[in-house]
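Engineer: My questions all concern the structure below.
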Amino acid sequence: MRTLFYPGSFDPPTLGHMDILAKALRLADRVVIGIGVNPGKTPLFTAQERQDMLLALASPQAEVAGGVLEVVIYEGLTIEAARQMGASGLVRGLRNARDYDEEMQLAGMNAQLAPDLPTLFLPAMPHLQPISASLVRQVVLMGGDVTPFVPSLVAQRLREKLA
Ligand code: ADP
């Protein structure tokens, strides 16, 4: 069984994340979403809240694709978490030239640390390309409408969080 590890912050999960995930589920038998926790940062949603949202959103996608989906929370090196989950590679989305530069550097270092774990880049869909979790957080905090950018469950959780 081929497993891909999809790491990220997912604070909150966006339509861009869900599109990459749907594609990863077409390519692998099992996809493990890794919610990376950075002890130095204060997230909007707790890792547990993000795990709950991702499970609720992604389980139907996995069922459609006929694949296995897991969502784990990890601290430390992504490659270690990926290895622990038995992954044969990592998945990352690419939106633009800035992502490309950053992601190539990250993938290059990971390739030296873990040659057995290649990184697979998937391009963002053109209409999802402008979406980022950090901009979603900013729009929400300023009272804007984020329904075009996130699944409706996430929009609802954002409203509850700010109420
Ligand atoms: P990180 O903090 O590690 O960048 P994110 O949660 O912001 O984590 O993103 C996780 C992954 O999802 C990254 O590979 C990122 O490029 C990808 N991603 C984020 N937004 C989009 C989008 N709109 N379209 C495609 N991929 C995306």
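Engineer: What about residue 43, is it touching a residue at least 24 places away in the same chain (Cβ under 8 Å), surrounded by fewer than 18 Cβ atoms within 10 Å (Cβ to Cβ) and not in a helix (DSSP H, G or I)?
Structural biologist: Values: touching a residue at least 24 places away in the same chain (Cβ under 8 Å): yes; surrounded by fewer than 18 Cβ atoms within 10 Å (Cβ to Cβ): yes; not in a helix (DSSP H, G or I): yes.
Judged against the criteria, residue 43 is a match.
Engineer: Hey, residue 102 hits all of (1) near the ligand (Cβ under 10 Å from one of its atoms); (2) over 28 Å from residue 148 (Cα atoms) but one; which does it fall short on?
Structural biologist: It is condition (2) that residue 102 fails.
Engineer: For the range 110-145, which positions are assigned to a helix (DSSP H, G or I), away from the ligand (no atom under 13 Å from the Cβ) and surrounded by 11 or more Cβ atoms within 10 Å (Cβ to Cβ)? Show your work before the answer.
Structural biologist: Start the filter on the range 110-145 by keeping residues that are assigned to a helix (DSSP H, G or I), which leaves 110-113, 126-128, 133-141.
Those still in the list that are away from the ligand (no atom under 13 Å from the Cβ) too: 111-113, 138-141.
Of everything in the range 110-145, those that are assigned to a helix (DSSP H, G or I), away from the ligand (no atom under 13 Å from the Cβ) and surrounded by 11 or more Cβ atoms within 10 Å (Cβ to Cβ) turn out to be 111, 113, 138, 139, 140, 141.
Engineer: Sticking with this structure for a sec: Considering only residues that are over 24 Å from residue 83 (Cβ atoms) and near the ligand (Cβ under 9 Å from one of its atoms), which ones fall in the range 19-57?
Structural biologist: Answer for the range 19-57, where residues must be over 24 Å from residue 83 (Cβ atoms) and near the ligand (Cβ under 9 Å from one of its atoms): just 19.
Since every read-out is calculated from the coordinates, none of them should be taken as a lab result. Treat the numbers as computed from the prediction; the structure is a model and nothing was measured. For neighbour counting, all protein chains shown are included, and Cβ atoms are generated from backbone atoms with ideal geometry for every residue, glycine included.
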